[in-house]
Amino acid sequence: MAEAKKFRAIKGVRDILPPESALWNRVEQTARDVFATFGFQEIRLPIFEQTELFARSVGVNTDIVGKEMYSFADRDDTSISLRPEATASVVRAYIEHGMHSRPGDVKLYYMGPMFRRERPQKGRYRQFYQIGAEVLGQSDQPAIDAEVLEMLMVYLERLGLVGAKLHLNSIGCQECRPKYVEKLREALLEVINELGADSQRRIETNPLRVLDSKTPDEQAIIEKLPRIGDHLCASCRDHFAQVQQQLKQRGIAYEINWRLVRGLDYYMRTTFEITAPGLGAQNAICGGGRYDGLVELLGGPPTKGIGFAIGTDRLVLALQEVGAGDVKAEVRKDVTVPVTGVVLKAEVGRVKVEVGIDVFVAWMGAASQPAAVKIVRKLREAGLSVEVPAEEMKFKKSIGLAAKLGARFALIIGENELKEGKYALKRLADGHQESLSEADLLAQLKAAQA
Ligand code: HAM
């Protein structure tokens, strides 16, 4: 009898087996828990989209779209691609469902497989997984950038990842970046003969990508090139300075990396990556940034956006490297502990589900913002889902937005409260309000949650 053919998984694609799958579950569940405390909700997206969606958003000249997508003609000849990333899909869904008319910023997270035909190696696969989050709305306040980064760092810390490093940059806007790119191109043309073939080609196609080069011989040359930080326009410079100030206020360590340009076309201003120790060449466990203008580019209303995606495969490897990948932690006995602070009201029979948040923080006066940021961190650590506006709002508008978001409580922080070291807590259902110390506040809110 002929021997039956033995099948193997396709190159660059792998199975995730137990017990490692338990660690994956812990990583994903912790993301759900932490992201919910920051007011994010899950969006489930399709695995494939029209090829043109990625071409227009990620960019036709990028490696991802130009060389790495799995594309095929559907039976009606439409070109379809397996998603190489999910920001484009989130933006498509945001526009398609008119989500801009929802109250406040739209905060979404997703997790699932992505596909890129790269050369497989440790930490680099052709089917890999991401956990991502996006904030879409009207504001580009630096506090939003800082809060997104705070959420990331809180998440990694909760998982027990030590040694993660946040690399930060601003790549400017439509106003200042083209001028900088021209300067960079001129500088590169002067040293063209000292560069390798790849970098020589990129001088024409995308000079910024030369800064990404890992070629040892090119490093000394790149160090002498003009830096984007010295060529930002006044408003980008100011935005970047405020992002940094907001990070310091939150106690988040970062390193400025002027060579961090990212390989996708939709970014502007803030860009960042997180690296982890022990992963070798593929040590970026997360990448992200601001993409104001992408919604418009895809036919939607003027909207600002920022987000990130964590490479789950690499995060899992990193946790194992630092000894935080113990899967025994996965055998959870804490089922009585609420998983998130999200309030769910379901009306059985009428299938009406109302999703709200626990606390909306109404802060008034610039001096109250740092105090708000501090107490919000503590409330979230206690498992409550908390929304805090990135910019100051009038009291009435704050309470109005809190109600629209389905908040159970408004926490009021103004000059008086700051002076007295107290917090005013207002129950939105009946308007009952009381003045509380921090300890009493935490105790009350925890009791209300149970
Ligand atoms: P990205 O930098 O292309 O950004 O990917 C994010 C992360 O996905 C990387 O830092 C890495 O950890 C992981 N990753 C990428 N390619 C592979 C691969 N072949 N194998 C294993 N892991 C990989 C984005 O995808 C953007 N959509 C992020 C974003 C969201 N920006 C704004 N919002």
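The values are calculated or read from the model by the stated rules, or taken from the named source; none is laboratory data. Everything numeric here is computed off the predicted structure, so don't read it as measured data. Quick reminder, even Gly has a Cβ in these numbers, built from the backbone with ideal geometry, and neighbours come from all protein chains shown. Ligands, DNA and RNA are excluded from the accessible area calculation, which covers all protein heavy atoms including side chains. Shrake-Rupley method; radii C 1.70, N 1.55, O 1.52, S 1.80 Å.
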Quick one: in the range 81-103, which of the residues that are open to solvent by 40 Å² or more (accessible area, probe 1.4 Å) and more than 14 Å from the ligand (Cβ to nearest atom) is nearest to GLU296 (Cα to Cα)?
ILE95
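Only residues that are open to solvent by 60 Å² or more (accessible area, probe 1.4 Å) and at pLDDT below 90: list them for the range 350-367, please.
As a first pass, look at the range 350-367 and keep what is open to solvent by 60 Å² or more (accessible area, probe 1.4 Å): 350-355, 366-367.
ARG350, VAL351, LYS352, VAL353, GLU354, VAL355 - these are the residues of the range 350-367 that are open to solvent by 60 Å² or more (accessible area, probe 1.4 Å) and at pLDDT below 90.
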Residue satisfying all of: in the range 63-80; open to solvent by 20 Å² or more (accessible area, probe 1.4 Å) and under 23 Å from the mean Cα position of the chain (by Cα); nearest to LEU298 (Cα to Cα) among these:
VAL65
Would you check which residues across the range 199-237 are surrounded by fewer than 13 Cβ atoms within 10 Å (Cβ to Cβ) and acidic (Asp, Glu) and list them?
GLU204, ASP217, GLU223, ASP230
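Looking at this structure, is GLY172 small (Gly, Ala, Ser) and crowded, with 21+ Cβ neighbours inside 10 Å?
Numbers: small (Gly, Ala, Ser): yes; crowded, with 21+ Cβ neighbours inside 10 Å: yes.
So GLY172 passes the test.
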The range 118-142 residues that are among the hydroxyl-bearing types (Ser, Thr, Tyr), paired with ones that are more than 6 Å from the ligand (Cβ to nearest atom) and open to solvent by 20 Å² or more (accessible area, probe 1.4 Å) (beta carbon under 8 Å, 6 or more apart):
TYR125/VAL13; TYR125/ARG14; TYR129/MET111; TYR129/PRO113; SER139/ASP105; SER139/LYS304; SER139/ALA390; SER139/GLU391
Failed condition for VAL60, given (1) under 17 Å from PRO113 (Cα atoms); (2) open to solvent by 50 Å² or more (accessible area, probe 1.4 Å), with all others met?
(1)
Any residue in the range 255-271 that's within 17 Å of VAL60 (Cβ to Cβ) and among the hydrophobic types (A, V, I, L, M, F, W, C): show its pairings with residues that are away from the ligand (no atom under 11 Å from the Cβ) and assigned to a loop (DSSP other than H, G, I, E, B) at Cβ separation under 7 Å, as long as the two are six or more apart or on different chains.
LEU264/GLY59
GLY341: of a type outside the set (D, E, K, R), modelled with pLDDT under 95 and either within 16 Å of the ligand (Cβ to nearest atom) or buried (at least 17 other Cβ atoms within 10 Å of the Cβ) (or both), yes or no?
yes
Out of (1) within 23 Å of MET69 (Cα to Cα); (2) assigned to a helix (DSSP H, G or I); (3) among the charged types (D, E, K, R), the one ARG237 does not meet is (1)
Within the range 263-280, restricting attention to residues that are in contact with a Leu (Cβ under 7 Å, 6 or more places away or on another chain) and of a type in the set (A, V, I, L, M), which residue is surrounded by the fewest Cβ atoms within 10 Å (Cβ to Cβ)?
LEU279
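In the range 281-324, what residues are among the small types (Gly, Ala, Ser), more than 25 Å from ILE95 (Cβ to Cβ) and crowded, with 22+ Cβ neighbours inside 10 Å? It would help to see each step written out before you state the result.
Narrowing the range 281-324 to residues among the small types (Gly, Ala, Ser): 281, 284, 287-289, 293, 299-300, 305, 307, 309, 311, 318, 323-324.
Retained after the next criterion (residues that are more than 25 Å from ILE95 (Cβ to Cβ)): 281, 284, 311, 318, 323-324.
Selection gives GLY311, ALA318.
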How about the range 79-94: which of its residues are assigned to a strand (DSSP E or B) and hydrophobic (A, V, I, L, M, F, W, C)?
ILE80, LEU82
Quick one: in the range 257-276, which of the residues that are within 10 Å of the ligand (Cβ to nearest atom) and either on the phi > 0 side of the Ramachandran plot or in a loop (DSSP other than H, G, I, E, B) (or both) is modelled with the lowest pLDDT?
GLY263
So GLU134 ticks every box in (1) more than 16 Å from the ligand (Cβ to nearest atom); (2) touching a Leu at 6+ places or on another chain (Cβ under 6 Å) but one. Which box is left unticked?
(1)
